[in-house]
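The values are calculated or read from the model by the stated rules, or taken from the named source; none is laboratory data. Just so you know, these numbers come straight off a predicted model, no measurement behind them. Here the Cβ positions follow ideal geometry from the backbone for every residue, glycine too, while neighbour counts run over all protein chains shown. Heads up: the accessible areas ignore ligands, DNA and RNA and are worked out on the full protein's heavy atoms, side chains in. Shrake-Rupley method; radii C 1.70, N 1.55, O 1.52, S 1.80 Å.
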Amino acid sequence: MDTRSALLVVDVQIDFCPGGSLAVPGGDAIIPVINRYIEIFRSQGLPIFVTRDWHPPVTRHFREFGGLWPPHCVQGSVGALFHPGLKLPSDVIVVSKGMEPDRDDYSSFQATLETGLPLREYFRNAGVTKLYICGLATDYCVRDTCLDALGAGLSVTVLQDAVKGVEIKAGDSARALEEITRRGGELADLAAIEKESAETC
């Protein structure tokens, strides 16, 4: 990791974890691993971003209005909160997506900061060139985020022990990771990142 790296935690929200309205199977099991990644990036003084779905009550993203999904992560709802087990630092940068009723916004590159600045512009302005990405769900928001990042010319490493997929079709997550690596992304796990972090201290 170098000074141009950042950690991007995708959509670890209550509605996407067991008991939520659109639960990813085992979605909460990755939270302790994500917390360890957060510790590592904080120890390196590197920025940490966390994205959230932040949907209006009426959106074409929801099944009753023509979309694929049951209502989830509605603005201001309990389900839209970050999972309470996620240990976010006070200076974490929160970005929101899915706020427009006529868009799905799976990718974090369609998200904006609280100031309204698009995330992709923030990365460009801040000189971020390498993203380490984890969160939910592998086969949707993580996949689309990684592909958009690669398309924008950034280096991408998926933290494969800190992602989980919806798996509407068996193998969707594996296919998503294969597509990401085929387009130039890399995979890593906690042991590799801890080693990489130790080497840069």
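State yes or no: is Ala80 surrounded by 13 or more Cβ atoms within 10 Å (Cβ to Cβ) and in contact with a helix residue (DSSP H, G or I) (Cβ under 9 Å, 6 or more places away or on another chain)?
Answer is yes for this residue.
How about the range 96-131: which of its residues are closer than 24 Å to Phe65 by Cβ and of a type in the set (Val, Ile, Thr)?
Hit for the range 96-131 is Thr112, nothing else.
Given the options Pro89, Pro25, Pro57, name the one that is farther than 28 Å from Arg103 by Cα and not aromatic (Phe, Trp, Tyr).
Step by step, each of Pro89, Pro25, Pro57 is checked, and only Pro89 is farther than 28 Å from Arg103 by Cα and not aromatic (Phe, Trp, Tyr).
Could you please find all residues in the range 43-62 being open to solvent by 40 Å² or more (accessible area, probe 1.4 Å) and out of contact with any helix residue (DSSP H, G or I) (no Cβ under 9 Å at 6 or more places or on another chain)?
Selection gives Gly45, Pro57, Arg60.
So in the range 131-157, with the set limited to residues that are under 22 Å from Met1 (Cα atoms) and of a type in the set (Ser, Thr, Tyr), which one is most open to solvent (accessible area, probe 1.4 Å)?
For the range 131-157, the residue satisfying everything is Ser155.
For Phe65, which of the numbered conditions (1) over 28 Å from Ser5 (Cα atoms); (2) open to solvent by less than 70 Å² (accessible area, probe 1.4 Å) fails to hold?
(2)
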